[in-house]
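Worksheet: the structure to be examined is printed underneath.
The values are calculated or read from the model by the stated rules, or taken from the named source; none is laboratory data. The model shown is predicted, which means the values in this text are computed figures rather than measured ones. Cβ placement follows ideal geometry from the backbone for every residue including glycine, while neighbour counts extend to all protein chains displayed.
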Amino acid sequence: MRLHEYQAKSLFARFDIPVLNGELANTPEAARSAALRLKPPVVINAQVQANERVFRIADSLAEAEQISRDLLQTHVDGFAVNNLLIEPKVSAVKEYALTIEFDRSKCQIVASASAVSNRLNRSETIDPLVGIHVYQARSLASGIDLPSEHWAQFVTLVLNLYRCYVQTDATRVVIMPLALTSSGDLTVLGGKLDIDDNALYRQSELAEMRDVLADEELPSRIVYDRVRVMRLPGDITCIANGAGLAMATADAVASHNPSFSPGAVIEIDGEPNLERMQAALRFSPTNARGIIFNLFGDRLSAMTVVDNLQRLFSIALPKVPCTIRLAGQDAAVACAIWSARFPDTPGVSTLAEAVEALNHHLAVT
Amino acid sequence: MSILIQPNTAFLVQGMTGREGSYYTAKMLAYGTNIVGGVSPEKGGEWLHGKPIFDNIRTATEATGANASIVFVNAASAVDAIFEAVDAELELIVCVTDGIPIQDTLRLRAYLDRHLGTRLIGPSSPGIVIPRIANVGIVPTHLGVPGRIGIVSRSASLAYEVMTAMVDYELGVSTFVGIGGDPVVGTSFAEILMLFEEDLETSAVVLIGEIGGSSEIEVASYIGSKVTKQVVAYVAGQSAAPYVRMGHAGAVFTTPDTSAAAKIEALQSAGARVARSIEEVVPLLAAR
């Protein structure tokens, strides 16, 4: 779960990481009021869960209002800008980036620092059973050529950032940029915090910070009890029980012919009971041209799956052509029963046949 | 007896009295798996499915001689259960539990690196099957006939597909190992391939990988240099886009080198035969 910058900064503050005294605004008028209190020049940061940092500098109240008006109507990476974080402008003598993240290629937690204006950087691997050592934080300071009079401050900041990383169950925390101001203070200008979804059960306060609207733009999200929708660019919906099976179904669609391409790939993690299949079907996009169901009877036999499918089709008949691929116990009999009942929606036993049948159906209609 | 499970391997089920633990214990016992007891704190002294329940692993091992465990404990408590199993010096731990926070798994991995006598399979693993001998986990009990093909997979559902298809080609399984779909797992593809390479009961291996991480690249290097047995592979997610998590916590790639294409290339270069679709795996295996 990605948090917004203003949320990340409020958490940083709890861990004594120096952030600016900013205000949140969701209208141009509110932005102007914030700028009045903070006194221009101010920095207006778009609060959006994109990778890039979007901000403008306003030298006057009028400018603050106009910039805010402009930003609040934009989208960045598909995410709508609904909030702005207004902060006092500080002059930075130097800017750095500081990251603590789970590095999957090394299967380790890595802290890294870099100087924004040049190639200087240093990384340190953190033992999760011991935590970050003070000498490692000093090593980062030295690696970015931070003047030694600022090392004590930097070390404290890094240690606090690690505490934040651990205690929020983060997968990644970024301070970018970390400014060294003309008064010799290290201050966070930009920040990101990604929280491990698996840990949300024990981070209830953070779970409540979820931006539900932004979530709807996510390319992969859970929409119902153990039903996940993954968005690929095409228009053939693939519904399968099992993540691997879902991927393999999408792969089979993609490799068939260029005009046949997977769109919504919907995984049912667990039994394909009626409720989950109904949810899956509901989340097939309205612009989908066809649907492939690829269902393996493991805990439920294929006969039960077909039974659930029949009930599903009687409640919510799909509006586009479908094919059903069934595998597992009693699959052949289940296919025959299905095909007799729904002759227009072929029930087949191989994925290749399912893809071919749907493609053929769409080509001739 | 193929890999990981030996005649003297005796399992405790951690979380046996929970809903999932109880359901699957009954199935595993009916299959013939050597389960000697269960561990459920505060339920010590009870019996379930004809097996004794203990409060902790130490008393369980003292009473039963157990040397392995299967973890069905919920995600909030699973890591504690596994630490307990490691400290009790169990040799094999199979963790079925899904949804364990990644920092917990990282701590566990760091701990296991210092306790080399314990092997962890999983988390998020469907388990291990040695047909007619042991079914450890949640793999449907009708799957897997005895044979000489080793199967190792990140995906449970695709392994089930392969095991089902193998029947029509009269091919059987020596051992199936589900290493799990998480980004951090206790045992990698390379480690399982090493075991299969040395296993007299395995002639060839099916490897089912997917996008995300570099476990397939690591095993490709091992296949190219040390493995003499034929490997047939499939890598799921060729149609996936970067940054889109395809179900499993570990099934997401952000750089080209962790995409399906990169893994397929590496495996092919190493001499593995890579199927273009999941349905091509068994025909390729049969054709070798």
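On inspection, B:LEU143 fails the criterion of being part of a helix (DSSP H, G or I), in contact with a helix residue (DSSP H, G or I) (Cβ under 9 Å, 6 or more places away or on another chain) and either among the small types (Gly, Ala, Ser) or within 10 Å of chain A (Cβ to nearest Cβ) (or both).
Considering B:ARG148, B:ARG132, which residue is in a strand (DSSP E or B) and either within 13 Å of chain A (Cβ to nearest Cβ) or basic (Lys, Arg) (or both)? Write out each step before concluding.
Details: B:ARG132 fails: in a strand (DSSP E or B).
Unique residue meeting the criteria: B:ARG148.
Residues in the stretch A:103-119 that are surrounded by 15 or more Cβ atoms within 10 Å (Cβ to Cβ), more than 14 Å from every other protein chain (Cβ to nearest Cβ) and modelled with pLDDT under 95: A:VAL116 alone.
Counting only residues that are under 23 Å from B:ASP104 (Cα atoms), in contact with a strand residue (DSSP E or B) (Cβ under 8 Å, 6 or more places away or on another chain) and of a type outside the set (S, T, N, Q), how many does the stretch A:99-118 have?
From the stretch A:99-118, those under 23 Å from B:ASP104 (Cα atoms) are A:99-112; that's our starting set.
Filter once more, so that each one left must be in contact with a strand residue (DSSP E or B) (Cβ under 8 Å, 6 or more places away or on another chain): A:99-103, A:106, A:108-112.
Still in the list and also of a type outside the set (S, T, N, Q): A:100-103, A:106, A:109-111.
So the count comes out to 8.
Identify the residue in the stretch B:224-249 that is crowded, with 24+ Cβ neighbours inside 10 Å and within 19 Å of the chain's Cα centre (by Cα) and, among all such residues, is farthest from A:SER220 (Cα to Cα).
The initial filter retains those residues of the stretch B:224-249 that are crowded, with 24+ Cβ neighbours inside 10 Å, namely B:231-237, B:239-240, B:246-248.
Filter once more, so that each one left must be within 19 Å of the chain's Cα centre (by Cα): B:231-236, B:247-248.
Details: B:VAL231: 32, B:VAL232: 30, B:ALA233: 26, B:TYR234: 23, B:VAL235: 20, B:ALA236: 17, B:GLY247: 8, B:HIS248: 11 Å.
Checking each candidate, the answer is B:VAL231.
For residues in the stretch B:202-237 being within 14 Å of chain A (Cβ to nearest Cβ), part of a strand (DSSP E or B) and not acidic (Asp, Glu), which is farthest from B:ARG148 (Cα to Cα)? My answer is B:ALA236. For the stretch B:167-201, a residue qualifies if it is away from every other protein chain (no Cβ under 12 Å), of a type in the set (Gly, Ala, Ser) and closer than 21 Å to B:ILE70 by Cα, and exactly one does: B:SER174. Residues that are on the phi < 0 side of the Ramachandran plot, away from every other protein chain (no Cβ under 14 Å), aromatic (Phe, Trp, Tyr) and not in a loop (DSSP other than H, G, I, E, B) do occur in the stretch A:150-159, at least one of them.
Looking at B:GLY99, B:GLY44, which one is within 14 Å of chain A (Cβ to nearest Cβ) and outside any helix (DSSP H, G or I)? Break it down into steps so the answer makes sense when it comes.
Values: B:GLY44 fails: within 14 Å of chain A (Cβ to nearest Cβ).
None of the other options fit; the residue is B:GLY99.
Looking at the stretch A:125-178 only, could you name the residues that are hydroxyl-bearing (Ser, Thr, Tyr) and within 19 Å of A:PHE15 (Cα to Cα)?
So the first thing to find is which residues in the stretch A:125-178 are hydroxyl-bearing (Ser, Thr, Tyr), and the list is A:125, A:135, A:139, A:142, A:148, A:156, A:162, A:165, A:168, A:171.
Once the filter is applied, which keeps residues that are hydroxyl-bearing (Ser, Thr, Tyr) and within 19 Å of A:PHE15 (Cα to Cα), the stretch A:125-178 yields A:THR156, A:TYR162, A:TYR165, A:THR168, A:THR171.
Among the candidates A:SER220, A:SER284, the residue that is more than 25 Å from B:VAL162 (Cα to Cα), under 23 Å from the mean Cα position of the chain (by Cα) and at pLDDT below 95 is uniquely A:SER220.
For the stretch B:151-166, give me the residue count where each residue is within 12 Å of another protein chain (Cβ to nearest Cβ), touching a residue at least 60 places away in the same chain (Cβ under 8 Å) and hydrophobic (A, V, I, L, M, F, W, C). Steps first, answer last, please.
Applying the first criterion (within 12 Å of another protein chain (Cβ to nearest Cβ)) to the stretch B:151-166 yields B:153-165.
This time we only want the ones that are touching a residue at least 60 places away in the same chain (Cβ under 8 Å), so: B:154-155, B:158, B:161-162, B:165.
Checking which are hydrophobic (A, V, I, L, M, F, W, C) leaves us with B:158, B:162, B:165.
Qualifying residue count for the region: 3.
Candidates in the stretch B:238-288 are the residues that are without any contact (Cβ under 8 Å) to a residue 60 or more places away in the chain, more than 12 Å from chain A (Cβ to nearest Cβ) and assigned to a loop (DSSP other than H, G, I, E, B); of these, the one that is nearest to A:GLY242 (Cα to Cα) is B:SER259.
Checking B:GLY37, B:GLY15, B:GLY21 one by one, the residue that is within 13 Å of B:GLY137 (Cβ to Cβ) and touching a helix residue (DSSP H, G or I) at 6+ places or on another chain (Cβ under 6 Å) is B:GLY15 and no other.
Can you spot a residue in the stretch A:296-309 that is among the charged types (D, E, K, R), at pLDDT 95 or above and in contact with a Leu (Cβ under 9 Å, 6 or more places away or on another chain)? Even if it seems obvious, please write down each step before you answer.
First, pick out the residues of the stretch A:296-309 that are among the charged types (D, E, K, R): A:298-299, A:307.
Filter once more, keeping what is at pLDDT 95 or above: none.
Checking the stretch A:296-309: not a single residue is among the charged types (D, E, K, R), at pLDDT 95 or above and in contact with a Leu (Cβ under 9 Å, 6 or more places away or on another chain).
Restricting A:LYS94, A:LYS106 to those that are part of a strand (DSSP E or B) and either on the phi < 0 side of the Ramachandran plot or in contact with a Phe, Trp or Tyr (Cβ under 8 Å, 6 or more places away or on another chain) (or both) reduces the list to A:LYS94. Taking the criterion of being at the interface with chain A (Cβ under 9 Å from one of its Cβ atoms) and acidic (Asp, Glu), the only residue of the stretch B:102-123 that qualifies is B:ASP104.
Does the stretch A:202-210 contain at least one residue that is modelled with pLDDT of 95 or more and surrounded by 21 or more Cβ atoms within 10 Å (Cβ to Cβ)? No, there is no match, as no residue in the stretch A:202-210 is modelled with pLDDT of 95 or more and surrounded by 21 or more Cβ atoms within 10 Å (Cβ to Cβ). Here is a list: B:ILE82, B:ILE128. Which entry is over 30 Å from B:VAL145 (Cα atoms) and either touching a strand residue (DSSP E or B) at 6+ places or on another chain (Cβ under 7 Å) or surrounded by fewer than 19 Cβ atoms within 10 Å (Cβ to Cβ) (or both)? The unique qualifying residue is B:ILE82.
Within the stretch A:225-246, residues that are more than 7 Å from every other protein chain (Cβ to nearest Cβ) have Cβ atoms under 6 Å from residues that are of a type in the set (Ser, Thr, Tyr) in these pairs: A:GLY234/A:SER261; A:THR237/A:SER284; A:CYS238/A:THR249; A:ALA240/A:THR249, counting only partners at least 6 apart in sequence or on another chain.
Would you mention how many residues in the stretch A:203-236 are among the acidic types (Asp, Glu) and not in a loop (DSSP other than H, G, I, E, B)? Steps first, answer last, please.
We begin by selecting, within the stretch A:203-236, every residue among the acidic types (Asp, Glu); these are A:205, A:208, A:211, A:215-217, A:225, A:235.
If we keep only those that are not in a loop (DSSP other than H, G, I, E, B) too, we end up with A:205, A:215.
Here the count works out to 2.
Scanning the stretch B:151-171 for residues that are charged (D, E, K, R), crowded, with 22+ Cβ neighbours inside 10 Å and part of a loop (DSSP other than H, G, I, E, B) gives a single hit, B:ARG154.
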